[in-house]
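Report on the following structure.
The values are calculated or read from the model by the stated rules, or taken from the named source; none is laboratory data. The model shown is predicted, which means the values in this text are computed figures rather than measured ones. Note: ideal-geometry Cβ built from the backbone for every residue, glycine included; neighbour counts use all protein chains shown. Ligands, DNA and RNA are excluded from the accessible area calculation, which covers all protein heavy atoms including side chains. Shrake-Rupley method; radii C 1.70, N 1.55, O 1.52, S 1.80 Å.
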Amino acid sequence: MTPAPVRLLEETDSTNAEARRLAEAGESGPLWVVARRQTAGRGRRGREWIDRTGNLSATLLTTMRRPPAEAAQLTFVAALAAAELVDAFVPPSLVTIKWPNDILLAGDKVAGILIESGAHANGSLWLAVGIGVNLARAPSGTDRPATALADHLRGDVTAVPTLEIATAILARTFAVWMERWENLGFQPVLDAWAARAPGLDGPAVARLGHETVSGRAEGVDPDGALRLRLTDGALRLISAGDVFFGETV
Ligand code: BTN
């Protein structure tokens, strides 16, 4: 298990955009692109990702050696790796995962993941796994409450990690989970992920583009889709959207 090398930039628009440019120029990775500052950080569903000084913005550019249908499983690998980075500095019992890939700390968002992809000239699939972690400061004005590592440090932790330290830990935790996925398959990854994702078997409301549906979550499918049993009994597989667990409409 060797962590991928890191390219640290002082400033870029978005580490995901930078990874895309590198992929389009023929770079296949694996390579971490990390920036001290992003001027146009991107979030899921077209949202902005607000970068505050001292936070981590990192993207792993990698080329998929598996069938494209399995690419979604990388989300789970990324979520576990990011959660373990957070675990290193706060009481791990406070760290949970919210489907599909938000990391929560004491119930508030501390990290987010955005995976983008494209095809290399030879047809293989590249993936840009972007991970933003609020190490030092939570952004303000977000639609759901956000927090930062700095607000929950364990007693034995004396300081918020530097960008270099946080990157090194993330690169290592990611490499460990990637190796487990490659050697043991998806099930152990899914089991570890589910153990940290409360609310997957209770009431849930999903806000999808133009509709809001509610019912009972029934875990996730092997491709990562959330299984939502609607109030009329039908099963709906949700692969993208904002889901609120423990809520009803
Ligand atoms: C989300 O929760 O909406 C996903 C946020 C992803 C943010 C990270 S920061 C590093 C990488 N570069 C980006 O522009 N976005 C991702």
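One table, with the values for the structure above:
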quantity	calculated
Top-ranked residue in region 214-230 [being open to solvent by 70 Å² or more (accessible area, probe 1.4 Å) and among the charged types (D, E, K, R); ranked as nearest to residue 194 (Cα to Cα)]	218
Subset of region 18-41 (residues that are buried (at least 19 other Cβ atoms within 10 Å of the Cβ) and either near the ligand (Cβ under 9 Å from one of its atoms) or not assigned by TED's automatic domain parsing to the domain that holds residue 160 (or both))	18, 19, 33, 34, 35, 38, 41
Scan of region 46-60 for residues that are β-branched (Val, Ile, Thr) and not in a strand (DSSP E or B), ordered by number	50, 53
Residue that is most open to solvent (accessible area, probe 1.4 Å) [pool: residues in region 42-57 that are within 18 Å of the chain's Cα centre (by Cα) and of a type in the set (Gly, Ala, Ser)]	46
Those residues of region 124-135 which are among the small types (Gly, Ala, Ser) and within 14 Å of the ligand (Cβ to nearest atom), in sequence order	128, 130, 132
Set 74, 80: member being open to solvent by less than 30 Å² (accessible area, probe 1.4 Å), within 15 Å of the ligand (Cβ to nearest atom) and among the aliphatic types (A, V, I, L, M)	74
Test set (1) in contact with a Phe, Trp or Tyr (Cβ under 8 Å, 6 or more places away or on another chain); (2) farther than 22 Å from residue 199 by Cβ; (3) within 15 Å of the ligand (Cβ to nearest atom) - residue 63 fails condition number	(3)
Unmet criterion (only one of (1) free of Cβ contacts under 8 Å to residues at least 12 places away in the same chain; (2) in contact with a strand residue (DSSP E or B) (Cβ under 8 Å, 6 or more places away or on another chain)) for residue 47	(2)
